[in-house]
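All of the numbers you see were taken from the coordinates with simple rules; none came from a lab. All figures in this text were calculated on a predicted structure; none of them were measured in a lab. FYI the Cβ positions are ideal-geometry reconstructions off the backbone, even for glycines, and counts take in every protein chain you see.
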Amino acid sequence: MTGSPSEPYDLAVVGAGPAGLAGAVTAAELGLSTVLLDASGRPGGQYFRHPAPGLGATRPGALHHDWPAFTALRRRLAASDVTHLAHHHVWTVTRRAADDWTVHALTGPDGDDGKPVRIRARAVLLATGAHERHLPFPGWTLPGVVGAGGAQAMLKAGLVLPGRRVVVAGSGPLLLAVASSLTAAGAHVPEVVEAAGYLGYARHPRALATNPHKLVEAAVHGTALARHRVRLRPRSAVTAVHGTDRVEAVTVSRLGPDWRPLPGTGRRVPCDALAVGHGLVPQTELATGLGCATRRTPDGTDALLLDAWQETTVPGLWAAGETGGTGGWQLARVEGELAAVAVTARLRARPGLTTGRRVRDLARRRDRMRAFAEAMAAAHAPGAGWTGWLTDDTEVCRCEEVTAGRVREAVDDLGARDARTVKLLTRAGMGWCQGRMCGAAVAALAAAGRPDGAVPPSPARRPLAVPVPLAALAALPEDPDGPDGPEDH
Amino acid sequence: MARTPADLAGAEPDPPFEITFDGRPVPALPGQTIAAALWGAGILAWRTTRRTGRPRGAFCGIGQCFDCLATVNGERNRRACLTPARPGDTVTTQEGHGHDRLAV
């Protein structure tokens with residue numbers, strides 16, 4: 001079998017969103033034996049998430065502007081020789097040599113079926129996307145407060161809403177898309193509360209002018225929101241959530257330029273749910289575990305450092321899409337295709353593949369969209385004053401229930417100056433999610449104790465990218481080429 | 001204008017089935033996760049936290065935050081936002097921790 005120890009695949013792609021799909025089908029079309037592993041049951045990633053067949057959606061694209069682009073990729077996947085492994089949760093990737101990789105995955109919808117697998121490949125393309133960034137605020141753990149991306153995901157796949165009257169808040173272009181989806185699906189969105197000022201985009205006229213499709217998208221959302229009488233509140237944030245066991249209202253306050261809430265500006269807005277998010281965090285842990293270098297993006301996240309051919313700083317490991325910095329599905333698709341061409345050129349010793357007109361065109365589009373993405377990121381970078389809306393009893397780490405007061409104590413009294421030290425002192429970031437939800441906040445609070453106030457690079461270090469039951473490890477068949485295998489004897 | 005998500009997507013689902021949540025019947029549609037079925041019934045919390053016993057439910061919706069852990073058919077720590085609902089599933093509020101499955 002291809003991928004077995006005796007015959008590895010040419011390419012293993014992790015993640016079946018736009019980047020991974022484009023990478024996998026392009027590689028297969030160029031003649032590489034390709035395996036595509038994805039945690040979900042259906043390809044599409046977060047952006048093209050859609051209902052399972054049992055829901056019988058006759059208009060599955062109603063929540064996507066670009067559905068035909070996805071169905072085109074899906075058709076290419078079906079027509080290709082790509083081995084698509086759905087419900088495969090990759091927990092680590094190991095490297096024996098630049099052309100000898102093993103991808104380890106748990107299987108099942110929740111990684112729960114107890115049959116772990118190992119896949120060998122000569123090259124790996126990481127297209128693991130991003131998760132939402134969260135900045136805590138008083139009351140954000142109350143049921144009814146959900147991630148903006150989470151509300152979008154539950155709507156796209158499960159056709160459900162968290163409430164009927166949903167305030168959308170946080171920062172970033174996703175908020176408008178989420179508000180647009182929620183209203184289209186029948187929810188009333190009284191306000192979209194954006195911490196940044198949209199004028200930030202005006203500082204990057206060149207990036208905007210060369211990406212007209214983004215302006216069209218914004219206009220589409222803007223028109224839909226105006227039709228539904230959604231009020232847009234820039235330079236504002238939700239600074240409190242009211243309710244005992246679920247959301248009954250939120251307080252919206254005006255922010256100063258550094259996102260510090262302005263005293264006395266709070267207004268109470270009744271609602272039964274709040275969808276909130278502050279941009280996206282690249283999912284880099286599979287790569288950083290292998291020593292890949294990262295870069296700080298303009299909105300303060302750590303993304304993989306990639307060369308012009310999408311290769312990480314560890315030879316043989318490529319990345320595409322949000323892992324290299326948030327940029328949207330079109331950029332992800334282009335990067336996936338570019339990476340697949342580069343992998344083929346390397347494995348087949350065909351350098352000519354990388355000089356053709358198609359590749360030059362892809363690279364140009366990639367650079368243009370990446371420039372736009374960085375401009376957007378800069379406009380939505382959290383202002384340092386956001387910590388001003390935290391009360392001492394605001395929970396920062398949802399898993400371990402660690403409050404802002406305890407984190408500040410670790411910084412002010414015990415001398416913690418980075419997220420790792422705070423974690424060791426308070427358990428913030430030590431729970432189930434491994435700091436995915438609180439990481440950005442803890443890093444910012446810890447940085448407050450540094451002379452320059454700057455957040456040091458703290459790329460995700462999670463040796464196990466998903467929780468792995470010990471029983472699953474015990475169930476692994478012996479690796480014939482492993483440390484005790486024939487190669488070492 | 002669509003009034004529900006199902007209207008918007010033109011959903012013509014297979015027949016609904018029943019699961020239970022803390023003993024109470026909850027309808028689910030084929031293809032929905034347990035979290036989606038619970039949201040559909042207006043239920044937003046199905047776990048209480050270990051320290052302060054506060055209610056929690058789905059937050060990230062994509063299997064990353066582990067806030068939606070529930071006990072499903074007696075098995076603890078299942079991510080409700082990833083676990084498909086099956087006819088007859090018994091979902092119960094997970095109180096505190098359940099160390100029997102998460103090994104990290």
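Restricting to DSSP loop positions (anything but H, G, I, E, B) with no more than 10 other Cβ atoms inside 10 Å of their own Cβ, which trypsin sites (Lys or Arg not before Pro) remain in the stretch A:427-479? The qualifying sites: there are none. Overall form of the stretch A:128-197: rounded. Here a/c, set by the Cα gyration tensor axes a ≥ b ≥ c, is under 1.5. Highest mean first, the peptides A:191-198, A:146-153, A:469-476 sorted by other C-beta atoms within 10 Å per residue fall in the order A:146-153, A:191-198, A:469-476. Between the helical axis of A:148-158 and the longest alpha-carbon principal axis of chain A there is an angle of about 60 degrees.
Compute the distance in nm between two label points, each set 7 Å from the Cα along the Cα-to-Cβ direction, one at A:D452 and one at B:R3. Here the answer is 5.9 nm between the modelled labels.
The antiparallel fraction among DSSP beta bridges confined to chain A stands at about 50%. Loop exposure criterion: trypsin sites (Lys or Arg not before Pro), DSSP state outside H, G, I, E and B, at most 12 other Cβ atoms within 10 Å. Applied to chain B, the longest stretch between such sites is B:52-104.
How crowded by other chains is A:113-122, given as the mean number of beta carbons from other chains within 10 Å of each beta carbon? Spell out each step's value before the answer.
Numbers: counts 0, 0, 0, 0, 0, 0, 0, 0, 0, 0.
Whole-number average of other-chain Cβ neighbours for A:113-122 is 0.
Between A:A195, A:A444, A:L353, the Cα set farthest toward the positive side of the dipole of the protein assembly as shown (charges on each charged residue's Cβ, about the Cα centre) is that of A:A195.
Please compute the length gained on full extension between A:V117 and A:L464, using 0.36 nm multiplied by the number of residues separating them and subtracting their Cα-Cα distance.
Values: separation 347, 0.36 × 347 = 124.92 nm, distance 1.47 nm.
123.4 nm is the gain from fully extending A:V117 to A:L464.
The distance between label points at A:E7 and B:F17 comes to 3.8 nm (points 7 Å beyond Cα on the Cα→Cβ vector).
A Cβ-based charge dipole, computed about the Cα centre of the protein assembly as shown with Lys and Arg at +1 and Asp and Glu at -1, lands at about 1840 debye. Averaged over peptide A:48-54, the number of partner chain Cβ atoms lying within 10 Å of each residue's Cβ comes to 5. For the Cα trace of the stretch B:14-95, dividing Rg by the Kirkwood Rh returns an Rg/Rh value of 0.94. Helix A:329-347: angle to the longest alpha-carbon principal axis of chain A, degrees 0 to 90, nearest 10? Between helix and principal axis, roughly 20 degrees. Within the straight-line cut-off of under 28 Å between alpha carbons, the lysines reachable from A:K156 are A:K214, sequence neighbours fewer than 8 places apart in one chain being disregarded.
Given Cβ point charges of +1 (Lys, Arg) and -1 (Asp, Glu) and nothing else, what value in debye, to the nearest 20, does the dipole of the stretch B:14-95 about its Cα centre take?
On the way: 10 positive and 7 negative charges, 87 e Å.
That gives a dipole near 420 debye.
The separation of the stretch B:18-49 from the stretch A:397-430, counted between C-alpha centres, amounts to 34 Å.
Would chain A count as rounded, prolate or oblate if I go by the C-alpha gyration tensor, calling it rounded below 1.5 in a/c and otherwise prolate when a/b exceeds b/c, oblate otherwise? If you can, show how the numbers build up before the last one.
Values: a/c = 1.68, a/b = 1.39, b/c = 1.21.
Prolate shape, in that a/c is at least 1.5 and a/b is the bigger ratio.
Between the stretch A:147-189 and the stretch A:322-350, what is the separation of their alpha carbon centroids in Å? Spelled out, the Cα-based centre of one part sits 30 Å from the other.
Take the Cβ-Cβ distance between A:T244 and A:T71 as r, set R0 to 51 Å, and report the resulting FRET efficiency rounded to the nearest 0.05. Let's see the in-between values first.
Values: r = 45 Å, r/R0 = 0.89.
After rounding to 0.05, the efficiency reads 0.65.
With the cut-off at 1.5 for a/c, could you classify the stretch A:333-489 from its C-alpha gyration tensor as rounded, prolate or oblate? Can you show the working numbers first?
Working: a/c = 3.03, a/b = 1.36, b/c = 2.23.
Oblate, because a/c is 1.5 or more while a/b does not exceed b/c.
Taking only C-alpha pairs under 8 Å that are 6+ residues apart, what is the relative contact order of chain A in percent?
Averaging sequence separation for qualifying contacts and normalising by length gives 18 percent for chain A.
In plain terms, the chain from A:A79 to A:A384 could stretch by 104.8 nm, reckoned as 0.36 nm per residue minus the Cα-Cα distance. If you take the beta carbon distance between A:R368 and A:D392 as r and set R0 to 30 Å, what does 1/(1 + (r/R0)^6) give as a FRET efficiency, to the nearest 0.05? Once the sixth-power term is evaluated, E becomes 0.05. To test your reading of the geometry: what angle, between 0 and 90 degrees and rounded to tens, separates the Cα axis of helix A:67-79 from the longest principal axis of chain A? That works out to roughly 20 degrees. Computed over chain A, the per-residue total of -39500 (n - 2.57) for DSSP H runs of n ≥ 4 gives a 222 nm mean residue ellipticity of -9000 deg cm²/dmol, rounded to 500. Per-residue shielding of A:57-67, expressed as the average number of other chain Cβ atoms within 10 Å of the residue Cβ, stands at 3.
Taken along the Cα-to-beta-carbon direction at a fixed 7 Å, the label points for A:T355 and A:L414 span 5.9 nm.
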